[in-house]
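Reviewing the structure listed below.
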Amino acid sequence: MEEESNVTSSSPSTPVQRLRHRKRSSTEVLDGDKVNASPLLVNDRNKYKSFMVRTYSTLWMIAGFVMVVYMGHLYITAMVLVIQIFMAKELFNLLRKAPEDKCLPGIKQLNWHFFFTAMLFVYGRILSQRLANTVTADQFLYRLVSGLIKYHMAICYFLYIIGFMWFILTLKKKMYKYQFGQYAWTHMILIVVFTQSSFTVANIFEGIFWFLLPASLIIINDIFAYIFGFFFGRTPLIKLSPKKTWEGFIGASVTTIISAFVLANVLGRFPWLTCPRQDLSTGWLQCDADPLFKPEPFTLPAWIPGWFPWKEMEVLPVQWHALCLGLFASIIAPFGGFFASGFKRAFKIKDFGDSIPGHGGITDRMDCQMVMAVFAYIYLQSFIVSQSVSVDKILDQILTNLSFEEQQALLTRLGQMIGNS
């Protein structure tokens, strides 16, 4: 009887005591794990199992990515749209609180209203000229599209104002802080995430090459950082990402820069990858190769060892630009991942989602891609694309600012001028 009473008294009797006992036990287990565990992959006991899961998911993603790229510009754009929607969904859910949402019917719909308004504004600016070029043959559609292009900014502004008024009219007492927090969070997603990743679409229509090369370099850097860290990682790189190591960072950087030079040579030889798309059709493209993609002889410098078999080689001029992209992808773009790691630590979550086995959510895979997309666009527009007046820019101004009758009058005048010359 005495033993039974001792057992009974030592075990928690009330629900509160049982809860405290469970918390204390779990804390002890976690503390024990911290003593024996190391955040580095090289010391992870389950690393081979996670490696196989991650590899399997990566192969599926790469296969799907290649298939979409093969299908062309419009399908790649659709893929980017789907990715952005999934990213927005993951981030919208991050600060959601079910009890508050139940008291605020329509708050989810309001967030998505702002999202699709931003999508209409950004993609309308990027694709308006190409949409007009697609419907030029049909006079009715041409007039309709020209009108939409002319009033596109006004339409988007009034859609935003509708959302703004909707938000004000739904404010509830004792819920102000949560509602304004959701409002600010939605705009942060639009500015930091959606706007940056939208530069990807602008790159696509300048030539799939300018989308595929930067995206591939981020993938290569991510894969080889994992591989080098998996087998050789010993020195922690940054506290925000405990599994990142200097060995993985340096190994991936060297691999990425070399891959950029080689990959640019391979991709730059396919016209359907390098030709810019001026409309929204889906056929394969053929065009005269830009000088950037025409091979030029390159004599190796004198300090190259004599045993090296080649003294001269053919190089595409774009390969030198690719080195800059590779340098950015390996040195600067990983800070997008560090930013995401710090963000997740702030909210005490492991991943943004669980849609990709071994990787987390879509946002976990796109953190560096967003930084890279902006840099690729700025680099392309600053150092590669000619900034002089072009036929496309003039046509864009005509379609945007002139009515159909004014365009007809302009065409007549041009015909007279050409006929008299």
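The values are calculated or read from the model by the stated rules, or taken from the named source; none is laboratory data. Treat the numbers as computed from the prediction; the structure is a model and nothing was measured. Cβ atoms come from the backbone with ideal geometry, glycine included; neighbour counts cover every protein chain shown. In case anyone asks, the SASA skips ligands and DNA or RNA and just uses the protein heavy atoms, side chains included. Shrake-Rupley method; radii C 1.70, N 1.55, O 1.52, S 1.80 Å.
Overview of values
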read-out: Within the accessible area of region 211-268 (1.4 Å probe), percent carbon and sulfur; value: 79
read-out: Normalised contact order of the chain, rounded percent, pairs of Cα under 8 Å and 6 or more residues apart; value: 20
read-out: With at most 15 neighbouring Cβ atoms within 10 Å, loop trypsin sites (Lys or Arg not before Pro) (DSSP) excluded, longest segment of the chain; value: 98-171
read-out: Residue-averaged [θ]222 nm for the chain, counting only DSSP H segments that reach four residues, each worth -39500 (n - 2.57); value: -23000 deg cm²/dmol
read-out: Nearest 10 degrees, 0 to 90: helix 195-205 Cα axis against the chain principal axis; value: 40
read-out: Portion, in percent, of the accessible area of region 128-200 that falls on carbon or sulfur, probe 1.4 Å; value: 75
read-out: Computed magnitude of the charge dipole of the chain (debye, nearest 20; Cβ of K, R +1, Cβ of D, E -1); value: 1520
read-out: Total formal charge among the other residues, if their Cβ is under 14 angstrom from that of VAL192, Lys/Arg +1 and Asp/Glu -1; value: -2
read-out: Cα long-axis angle, helix 208-232 against the chain (0 to 90 degrees, to the nearest 10); value: 30
read-out: Cβ-Cβ FRET estimate between ALA154 and ILE331, R0 fixed at 41 Å, reported to 0.05; value: 0.45
read-out: Acute angle (nearest 10 degrees) that the helix 15-36 long axis makes with the longest principal axis of the chain, alpha-carbon atoms; value: 70
read-out: Theoretical gain in end-to-end length, VAL53 to ARG234 [0.36 nm per residue, Cα-Cα removed]; value: 62.9 nm
read-out: Within-14-Å neighbourhood charge of TRP166 [Cβ basis; K, R +1; D, E -1]; value: +2
read-out: With at most 13 neighbouring Cβ atoms within 10 Å, loop chymotrypsin sites (Phe, Trp or Tyr not before Pro) (DSSP) excluded, longest segment of the chain; value: 1-150
